[in-house]
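The values are calculated or read from the model by the stated rules, or taken from the named source; none is laboratory data. Remember, predicted model here, so these are calculated numbers, not experimental data. Quick reminder, even Gly has a Cβ in these numbers, built from the backbone with ideal geometry, and neighbours come from all protein chains shown. Note: accessible area is taken over every heavy atom of the protein model, side chains too, but ligands, DNA and RNA are not part of it. Shrake-Rupley method; radii C 1.70, N 1.55, O 1.52, S 1.80 Å.
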Amino acid sequence: MWHELQLFLIALRAGTRLPLPDWAAARPDRRVLSRRHDPAVGLVVGAFAAGVLLAAGHAWPAGVAVLAAVAASAWFTRGRDEAGLARCCDAWAGGAGVRGPGGGAAPNGTNKSSASIGPIGQLGPIGATGLVLALALRAAAVYGLATRDLALTLAVLPLAQAWPRVAALLAERWAGPGRDTGRDTGWVVGLMWAGVAASGASWSLSPAQLVLSAAAAAAVAGVAAWTLRRRFGVLGEDALAALRQGTEIAVCLALLAAVGRG
């Protein structure tokens with residue numbers, strides 16, 4: 001139990017801005033093992049965004065509150081997934097490369113290492129466009145949910161952060177040889193966290209809505225994993241970031257469609 005708690009804290013330090021002890025900055029091999037708890041980190045990130053949405057909604061209109069929540073989640077995670085998505089879009093267009101499993105370039109023969117890429121502002125136009133469109137679509141989906149059912153939206157935000165991280169774990173397992181001996185049990189722990197996320201959201205979402213959001217997450221994650229692997233030859237960090245972003249948007253849009261149908 002203590003071992004798993006350590007791994008969770010390592011994942012939490014790696015994935016958020018929370019001021020955790022220095023020992024949580026573990027060796028790379030411990031960080032790989034800790035990835036099984038990334039869905040739990042997603043629950044924390046989603047809860048933080050939900051808190052910002054609820055607090056901001058008391059002071060400003062819904063549109064401002066939603067933008068504040070989206071910005072808060074990006075700030076809380078240091079924008080790592082957003083940056084990875086932008087790099088992936090650039091690499092798809094033949095610009096800078098995406099990171100492979102060890103942080104280097106994906107072995108597609110054309111892309112250079114993303115270690116040479118500076119801040120987001122140095123990305124190409126395709127990466128910047130992809131990032132802006134993804135953020136706009138996510139904000140629009142959350143706005144649509146918030147203006148229809150605020151309680152449901154507060155339940156959706158943690159779910160929409162946790163399930164994409166589960167999808168990324170499963171995609172890594174499918175993509176090829178694991179990078180650590182704990183990979184085979186890691187996806188099981190990830191699925192357990194998916195169950196926790198579903199249980200937490202069930203107080204506001206119906207079983208049909210949970211099934212619909214799970215189906216949307218699985219479909220988009222599966223297509224994204226297959227497409228990105230074909231394009232880059234490996235599901236590296238940036239490709240997984242793009243997969244997580246796309247899956248998060250898919251969950252929000254699926255639930256928005258369900259709520260819109262009444």
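In whole percent, and with a 1.4 Å probe on the protein chains, what portion of the accessible area of region 4-84 is carbon and sulfur?
C and S fraction of accessible area: 68 percent.
Can you work out the Karplus-derived ³J(HN,Hα) for every residue in region 49-59? Use 6.51 cos²θ - 1.76 cosθ + 1.60 with θ = phi - 60°, whole Hz, and x for glycine or proline.
Karplus-based 3J(HN,Hα) across region 49-59 equals 5, 5, x, 5, 4, 5, 5, 5, x, 7, 10 Hz.
Output the peptides 209-215, 88-94 sorted from most to least packed, where packing is the average of other Cβ atoms within 10 Å over each peptide's residues.
In descending order of packing, they fall as 88-94, 209-215.
Tell me, what HN-Hα J-couplings in whole Hz come from the Karplus equation 6.51 cos²θ - 1.76 cosθ + 1.60 at θ = phi - 60° for each residue of region 162-174, using x for Gly and Pro?
My calculation for region 162-174 gives 7, 5, x, 6, 5, 4, 5, 4, 5, 5, 4, 5, 6 Hz in order.
For region 243-255, take each phi angle, set θ = phi - 60°, evaluate the Karplus expression 6.51 cos²θ - 1.76 cosθ + 1.60, and give the result in whole Hz per residue in order, putting x for glycine and proline.
Residue by residue, region 243-255 yields 4, 5, 4, x, 5, 4, 5, 4, 4, 5, 5, 5, 6 Hz.
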